[in-house]
Amino acid sequence: MRLGGSVMKPYNSPSEWLAHVKEYGYSAVIFPVDSTAPRQVWKDYLQCAKDNDLLIGEVGIWRNVMARDEKERQAALDYSYRQMELAEEVGANCCVNISGSVGTLWDGYHPANASRQVYDIIVETSQKIIDTVKPTRTSYSLEPMPWMCPESPEEYLQLIKDVDRPAFKAHLDYCNMINGLDRYRDSDAFIRKCFDLLKEHIVSIHAKDVLLRDGALPIVIEEIQPGQGGIDLALVCAEAEKLGADIPVYVEHLPDHASYMAAAATMREAARKAGVFCK
């Protein structure tokens, strides 16, 4: 299993970045610069990753390709193409985004996000990004979200079928899909179902934890520091290992360096409990 995550400390060179990566004990990384960086800069970071056996699991997009404003949408698409090209150049496992929202908050809830019309646009947009870049070494992936497609492993599997491109793969964030009491109550079974349905398509995993806030009505499920919630992280490690030793498992959404250090240690201990070698 390859463990990775964000780097919270600032860096201005590959050597500084590498020192932080080693401090966390990561063997998988999120590519540290984007497509706006000069070509020589990203080539230097790529060489640093290669020289130190660091798997580049993700290049992020994080733009709203579903924006109602046409200029915003086109700018997001243009950035998506450039990020996909960068992911292809560096050989990342995936170039990842969320499907986006037709509402005012790009990663937020809007009732139309669940409509058939929006679903069809997600399919067409994913096809357009892949067909524009024509990747052979990387894939385009959508991180699941609680209130936008894909919000279940079944919907993700259907989306893969409908996009119908070999370069469209699954980015698994099981926590983002635990959006109700049934999935929270039996999270072990839900996590196993995610892996069982998507296993041949998964190229990257976010390993997170969630906790039901006691007494909050009607229900509040919060993302929390790994090891402090209700997720069996050893199960996550065991399921991830079945996919192959080079599938990256990332910790994310933590507030500071110390939290990432603690999360990395928690995941290494979870891997040990699962009998999984954490590279």
Could you give the size of the charge dipole of the chain about its Cα centre, using +1 on the Cβ of each K and R and -1 on the Cβ of each D and E, expressed in debye and rounded to the nearest 20? 420
Among the Cα-Cα pairs of the stretch 202-279, the proportion with separation greater than 22 Å, in percent, is 26
For the stretch 1-112, the dipole about the Cα centre with charges only on Cβ (Lys and Arg +1, Asp and Glu -1), to the nearest 20 debye, works out at 80
For the stretch 10-154, the accessible surface attributable to carbon and sulfur atoms (probe 1.4 angstrom, ligands and nucleic acids excluded) amounts in percent to 51
Taking every Cα atom in the chain, find the radius of gyration and the maximum pairwise distance Dmax, and write them in Å. 18.1, 54
Kindly report the accessible area of the chain per residue (heavy atoms of protein chains, probe 1.4 Å, no ligands, DNA or RNA), in Å². 45
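Normalising by the residue count of the chain, find the relative contact order in percent from Cα pairs under 8 Å and 6+ residues apart.
On the way: 516 pairs, mean separation 54.8, N = 279.
This gives 20 percent for the chain.
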Suppose each label sits 7 Å from its Cα in the direction of the beta carbon; what would the Gln47-Tyr81 distance come out to in nanometres? 3.0
Whole-number percent relative contact order across the stretch 138-227, with pairs defined as alpha carbons under 8 Å at least 6 apart: 27
Report the label-to-label distance for Lys273 and Asp69 in nanometres (one decimal), using points 7 Å from each Cα along the Cα→Cβ vector. 4.6
Of all GluC sites (Glu not before Pro) in the stretch 170-279, which ones are in loop regions per DSSP and have a Cβ with at most 12 other Cβ atoms within 10 Å? Glu200
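The values are calculated or read from the model by the stated rules, or taken from the named source; none is laboratory data. As the structure is a computational prediction, the values presented were derived from the model and not from experiment. Glycine also receives a Cβ, built like all others from the backbone with ideal geometry; neighbour counts cover every protein chain displayed. Side chains are part of the model used for accessible areas, which takes the heavy atoms of the whole protein and leaves out ligands, DNA and RNA. Shrake-Rupley method; radii C 1.70, N 1.55, O 1.52, S 1.80 Å.
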